[in-house]
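Only one structure is covered here, and it is reproduced in the block below.
The values are calculated or read from the model by the stated rules, or taken from the named source; none is laboratory data. Just so you know, these numbers come straight off a predicted model, no measurement behind them. Neighbour counts are summed over all protein chains in view; Cβ atoms, including those assigned to glycine, are modelled from backbone coordinates with ideal geometry.
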Amino acid sequence: MSEVRFQISVSLDGYAAGPNQSEQDPIGIGGMELHRWVFELRSWRASQGLDGGIGGPSDDVIAEAQTNVGATVMGRNMFGGGPGPWADDPPWNGWWGDEPPFHTPVFVLTQHAREPLELQGGTTFVFVTDGIEAAVERAREAAGERDVSIGGGASTIQQALRAGLVDRFELHLVPILLGDGERLFVDVDDLALEQERVLEAPGVTHLRYRVVR
């Protein structure tokens, strides 16, 4: 049975991005440190079209997370392009170049309508203006029997959690303190969880949870 799930890196003090996020610094000050552990992993590098990399527990976790995904939902900030109406000259087509690593439909939450953007490798960005529930419903339809991944950022994940749309998630807990920024768990106090797995790895601990209905 297909699931709606997400994975995200967080600091020890609960932040998924650092302070002062901007178009030039989309993860905020210090936010890139949340992701250093992933850059040398074989499975992550392969998804970006890069050779080499290392194996180990974290590589297994990322390989698992990339498996059986039929569609992705993300927020406007994760897709990028700045706030407000979409620019036409030049158009913003995401951070990932002509061939993004998704290879499936990606549903982008936005307040500003835009025609679907089809890029190489099977990725089509579809821009959804009527909220998280509509985005996840369309992603489920597109994914069929495969899973829907909530790609981020924190605000989009919070909306999905509040709406009761998430079945399972994995936190990558990184031993840094950001002190400020964008917290992951905001206004989700009634969330009931069952811990499924804890994996220790260099520079990160992986925590997987099932959402209890």
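Look at region 1-33 and say how many of its residues are under 14 Å from the mean Cα position of the chain (by Cα), assigned to a loop (DSSP other than H, G, I, E, B) and closer than 21 Å to residue 169 by Cα.
Residues meeting the conditions: 1.
Look at residue 118 and say whether it is among the acidic types (Asp, Glu) and touching a strand residue (DSSP E or B) at 6+ places or on another chain (Cβ under 9 Å).
Values: among the acidic types (Asp, Glu): yes; touching a strand residue (DSSP E or B) at 6+ places or on another chain (Cβ under 9 Å): yes.
Criteria met by residue 118.
So which strands (runs of 3 or more DSSP E) are wholly in region 71-175 and hold at least 3 residues that are buried (at least 19 other Cβ atoms within 10 Å of the Cβ) and among the aliphatic types (A, V, I, L, M)?
Working: elements: 105-109, 124-128, 147-152, 168-174.
Ranges flagged: 105-109.
Restricting the first residue to region 49-61 and requiring it to be without any contact (Cβ under 8 Å) to a residue 40 or more places away in the chain and at positive phi, which pairs with a second residue that is surrounded by fewer than 11 Cβ atoms within 10 Å (Cβ to Cβ) and assigned to a helix (DSSP H, G or I) meet a Cβ separation below 9 Å and a spacing of at least six or different chains?
Within 9 Å, no pair qualifies.
Pairs, please: C-beta under 6 Å, at least 6 apart or cross-chain, first residue over 16 Å from residue 64 (Cα atoms) and in region 194-207, second outside any strand (DSSP E or B) and not β-branched (Val, Ile, Thr)?
Correct list of pairs: 203/37; 204/37.
Which ones in region 64-93 are touching a residue at least 40 places away in the same chain (Cβ under 8 Å), polar (S, T, N, Q) and touching a Gly at 6+ places or on another chain (Cβ under 9 Å)?
Within region 64-93, 72, 77 qualify.
Name, by its number, the condition in (1) within 22 Å of residue 119 (Cβ to Cβ); (2) at pLDDT 95 or above that does not hold for residue 64.
(1)
Look through 189, 98 and report the one residue that is of a type in the set (Asp, Glu), free of Cβ contacts under 8 Å to residues at least 24 places away in the same chain and over 28 Å from residue 83 (Cβ atoms).
Details: 98 fails: over 28 Å from residue 83 (Cβ atoms).
Step by step, each of 189, 98 is checked, and only 189 is of a type in the set (Asp, Glu), free of Cβ contacts under 8 Å to residues at least 24 places away in the same chain and over 28 Å from residue 83 (Cβ atoms).
Please tell me if residue 43 is within 15 Å of residue 204 (Cα to Cα) and surrounded by 15 or more Cβ atoms within 10 Å (Cβ to Cβ).
On the way: within 15 Å of residue 204 (Cα to Cα): no; surrounded by 15 or more Cβ atoms within 10 Å (Cβ to Cβ): yes.
No.
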